[in-house]
1. For segment 261-304, which residues satisfy the criterion of being free of Cβ contacts under 8 Å to residues at least 12 places away in the same chain, assigned to a loop (DSSP other than H, G, I, E, B) and either within 15 Å of the ligand (Cβ to nearest atom) or acidic (Asp, Glu) (or both)?
2. Does segment 249-258 contain any residue that is within 30 Å of Ala64 (Cβ to Cβ) and out of contact with any strand residue (DSSP E or B) (no Cβ under 8 Å at 6 or more places or on another chain)?
3. Please specify each residue of segment 204-219 satisfying the condition of being within 8 Å of the ligand (Cβ to nearest atom) and in contact with a helix residue (DSSP H, G or I) (Cβ under 6 Å, 6 or more places away or on another chain).
4. Please work out which one of (1) under 16 Å from the mean Cα position of the chain (by Cα); (2) modelled with pLDDT of 95 or more; (3) more than 11 Å from the ligand (Cβ to nearest atom); (4) closer than 20 Å to Thr305 by Cβ is the condition Ala255 fails and give its number.
5. Name, by its number, the condition in (1) over 24 Å from Asp275 (Cα atoms); (2) out of contact with any Cys (no Cβ under 7 Å at 6 or more places or on another chain) that does not hold for Phe164.
6. Any idea how many residues of segment 177-203 are away from the ligand (no atom under 13 Å from the Cβ) and in contact with a Gly (Cβ under 7 Å, 6 or more places away or on another chain)?
7. Asp163 fails exactly one of the following numbered conditions: (1) under 24 Å from Val240 (Cα atoms); (2) surrounded by 21 or more Cβ atoms within 10 Å (Cβ to Cβ). What is the number of that condition?
8. Can you work out which of the residues in segment 153-176 that are away from the ligand (no atom under 11 Å from the Cβ) and small (Gly, Ala, Ser) is farthest from Glu314 (Cα to Cα)?
Amino acid sequence: MTDAPYPLGGRRVWVAGHRGMVGAALVRRLAHEDCEILTVDRAEVDLRRQSEVEDWLAETRPQAAVVAAATVGGIQANDSRPAEFIYDNLAIEANIIHAAWRCGVEKLLFLGSSCIYPRDAAQPMTEEALLTGPLEATNQWYAVAKIAGLKLCQAYRRQYGCDFISAMPANLYGPGDNFDLASSHVVAALMRKAHEARIAGDDSLAVWGSGRPRREFLYVEDLADALVFLLQTYSGEAHVNVGAGKDIVISELAALIAEVVGFAGGLTFDPGKPDGTPRKLLDVSRLSELGWSPSTGLRDGLAQTYRWFCEYAEP
Ligand code: GDP
């Protein structure tokens, strides 16, 4: 299949998972396209139930769909709720992808994660690194489900000719992030902890693990823009990495967040918490050759996220 343009103008586009950080950012971004955005609440359709998904799609007949619905969480949530992470995600993606084929969805974009790559993959990680080695143990459940999702897209493309594509983003952060310390990812967790430490007048900020792992962080508004770009221009079987192109050591991230939040104390490290993968940096050459690159630097993205936190999420 060639990369024939797929204009969104006039099309009905379903954002599955519109209440999540990614889905909400995508709805905001799609508002600038001349398309009709479809969403459905969890109370109305449980995406883990095949018949509910099939009935809803048969009734609403979207032409395009983005699978931004997922059970997600940080290192501790992944490690402690493995059944939810593997079952929910397998069920959601299998139900949506199968029903999308049956209902003739013209274009579907499945969203995975950079944790699909082997723990010890060469850095930066190219798309070809997939399935070349063992996964990181703390998030293997989520990773296996996301690998299955991208394989589902490839299988429906090969057997039925569906234009289903997949994007694998770096660690995400931004407005709409989850700030619950037990289930959040590192940016939201450290931002909330730094904020509370500043208000309480504490002299230190607790960072999990050694502080030595490296992660790549992509601002969610940039991701949403990349997803619209891919929907409109990409039709390949191969999945596409979406990243910022650089990574940062967790201890430096913590210091940067402290600065953005205005917390002047020091950092402590908790070796009782897992480090996870030593490094996760995506090779984004495929996407940049296609013609997209991110526009928000980490400091700016953190400042905007902090403004959002203070306005909407501060407990
Ligand atoms: P991961 O990319 O799947 O490991 O997801 P996370 O965003 O949860 O964690 C990234 C890294 O940040 C790991 O090395 C964590 O140990 C580290 N980290 C440091 N402090 C925190 C924290 O307060 N919460 C979380 N979730 N991670 C933290």
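The values are calculated or read from the model by the stated rules, or taken from the named source; none is laboratory data. What you see is a predicted model; the values in this text were computed from it and never measured. All Cβ positions, even for glycine, are placed from backbone atoms using ideal geometry, and neighbour counts span all protein chains on display.
1. Answer for segment 261-304, where residues must be free of Cβ contacts under 8 Å to residues at least 12 places away in the same chain, assigned to a loop (DSSP other than H, G, I, E, B) and either within 15 Å of the ligand (Cβ to nearest atom) or acidic (Asp, Glu) (or both): just Gly272.
2. First, pick out the residues of segment 249-258 that are within 30 Å of Ala64 (Cβ to Cβ): none.
Within segment 249-258, none of the residues are within 30 Å of Ala64 (Cβ to Cβ) and out of contact with any strand residue (DSSP E or B) (no Cβ under 8 Å at 6 or more places or on another chain).
3. Of everything in segment 204-219, those that are within 8 Å of the ligand (Cβ to nearest atom) and in contact with a helix residue (DSSP H, G or I) (Cβ under 6 Å, 6 or more places away or on another chain) turn out to be Val207, Gly211, Pro213.
4. Single failed check for Ala255: (1).
5. (2)
6. Here the count works out to 3.
7. (2)
8. Going through segment 153-176, the residues away from the ligand (no atom under 11 Å from the Cβ) turn out to be 153-169, 174-176.
Filter once more, so that each one left must be small (Gly, Ala, Ser): 155, 161, 166-167, 174, 176.
On the way: Ala155: 43, Gly161: 47, Ser166: 34, Ala167: 31, Gly174: 14, Gly176: 12 Å.
Among those residues, the one meeting the criterion is Gly161.
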